[in-house]
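Beneath this line is the structure, given in structure tokens, with notes to follow.
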Amino acid sequence: MYMASKNLRYIKEKLQKMYKMLIEGISQYQSSDDWKNLLDFISIQHNYSFHNLVLIMLQKPDATFVAGYKKWLKYGRHVKKGEHGIMIWAPRLKKVRQVKKEIVVEVDPVTGEEIEKEVDVEYYTNVLVGFFPVYVFDVSQTEGRPLPRLTHEVTSELPDDLKYDIFVSVCQNIADENDFTLKFEPILGSTHGYMNPVTRAIVIDNTYNYQSQIKTMIHEFTHMFLFLDGYTHGDASDIDNRVLTYNDEEVIVESVAYIVSKYLGLDTSEYSFRYISSYGGNPELLLDLGTVILRYAMMFLEK
């Protein structure tokens, strides 16, 4: 009992230390270049939560690809002697018994009639009950068999016209699934594209090159995702209540466009993230924005 209590106290202290590191560290990403460096890492390593990605970068800013000790063994590599792990959070899940009502049809053995009957059906779901610290290692901390080429490396080498055709097809499917129309036509002025929530249309200026049109599609479709998820504008952002300032919405859509463009191997040097310092010094808000950014970026990357 004493050992269990001591272990729980150790885990709690570790988690508190990690959260303090996260809150203090996220504030360094208020400049355009620092934010881009973080998004560069996310474009490659998007299978971790935003909180964990920040923790990884804070502990090892030069990290390029990380995995757990056992995962590296599966890759045919092993952690070098003397290397220190990068601490992140892992979810602690508990199986919980649930019961739901279902209607089943039974046949009366005497009359042969079909009878509907309500029955209780048991099932189990995993419920998040907390977190505990685990360690991952960067590829530079390992040695062994060369890594296979990553998906984004293969994708980035496709010709621009093929990337364009594939991406238009993906976006057309997303539009159809959400009862939106996707149009390509010249637009007066300097606007590259827009999302109209009233007419449920996304319009892209097709007088620009392929790269520009792809980046604009990502940008406008992210606006669409926010609209469909019920986000509204307000004087102060409140992610829990789905309220965003105009500036914070632009941080989200520009960041998603940057991550997906980088994944596709498109030129991303023009991004300035002029709104990134607008979160008002609230580190919790910036973490919330990052979580939203990663979620919407994954909507494209998983397609």
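Data overview
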| read-out | value |
| --- | --- |
| Yes/no for G290 being in contact with a Lys or Arg (Cβ under 7 Å, 6 or more places away or on another chain) and either more than 24 Å from N178 (Cβ to Cβ) or at pLDDT 85 or above (or both) | no |
| Checking E83 against (1) assigned to a loop (DSSP other than H, G, I, E, B); (2) touching a Gly at 6+ places or on another chain (Cβ under 9 Å), the condition it does not meet | (2) |
| Filter result (part of a helix (DSSP H, G or I) and not acidic (D, E)) within region 254-273 | S255, V256, A257, Y258, I259, V260, S261, K262, Y263 |
| Options K100, K71, K80, K163: the member that is basic (K, R) and either loosely packed, with under 12 Cβ neighbours inside 10 Å or in contact with a Pro (Cβ under 9 Å, 6 or more places away or on another chain) (or both) | K100 |
| Within region 241-250, tally of residues that are without any contact (Cβ under 8 Å) to a residue 40 or more places away in the chain and either over 20 Å from P283 (Cβ atoms) or among the charged types (D, E, K, R) (or both) | 4 |
| Count of region 1-11 residues which are modelled with pLDDT under 70 and either under 16 Å from G130 (Cβ atoms) or among the aromatic types (F, W, Y) (or both) | 7 |
| Yes/no for E122 being under 30 Å from N52 (Cα atoms), part of a strand (DSSP E or B) and charged (D, E, K, R) | no |
| Qualifying strands (runs of 3 or more DSSP E) (wholly inside region 169-253; at least 1 residues being surrounded by fewer than 14 Cβ atoms within 10 Å (Cβ to Cβ) and in contact with a helix residue (DSSP H, G or I) (Cβ under 9 Å, 6 or more places away or on another chain)) | 181-184 |
| Residue match in region 227-244 (condition: of a type in the set (A, V, I, L, M, F, W, C) and within 24 Å of Y263 (Cα to Cα)) | no |
| Restricting region 84-100 to residues that are under 19 Å from Y19 (Cα atoms) and of a type outside the set (A, V, I, L, M), the residue that is farthest from the chain's Cα centre (by Cα) | G85 |
| Which listed residue is in contact (Cβ under 8 Å) with a residue 40 or more places away in the chain and more than 15 Å from V253 (Cβ to Cβ), from V203, V168, V198 | V168 |
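Residues checked against (1) assigned to a strand (DSSP E or B); (2) acidic (D, E); (3) in contact (Cβ under 8 Å) with a residue 40 or more places away in the chain:
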{"site": "R9", "(1), (2), (3)": "no, no, no"}
{"site": "M18", "(1), (2), (3)": "no, no, yes"}
{"site": "W35", "(1), (2), (3)": "no, no, yes"}
{"site": "H46", "(1), (2), (3)": "no, no, yes"}
{"site": "L53", "(1), (2), (3)": "no, no, yes"}
{"site": "M57", "(1), (2), (3)": "no, no, no"}
{"site": "W72", "(1), (2), (3)": "no, no, yes"}
{"site": "I88", "(1), (2), (3)": "yes, no, yes"}
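The values are calculated or read from the model by the stated rules, or taken from the named source; none is laboratory data. Quick caveat, the model's predicted, so the values are computed rather than measured. As a convention, Cβ positions derive from the backbone with ideal geometry for all residues, glycine included, and neighbour counts pool all protein chains shown.
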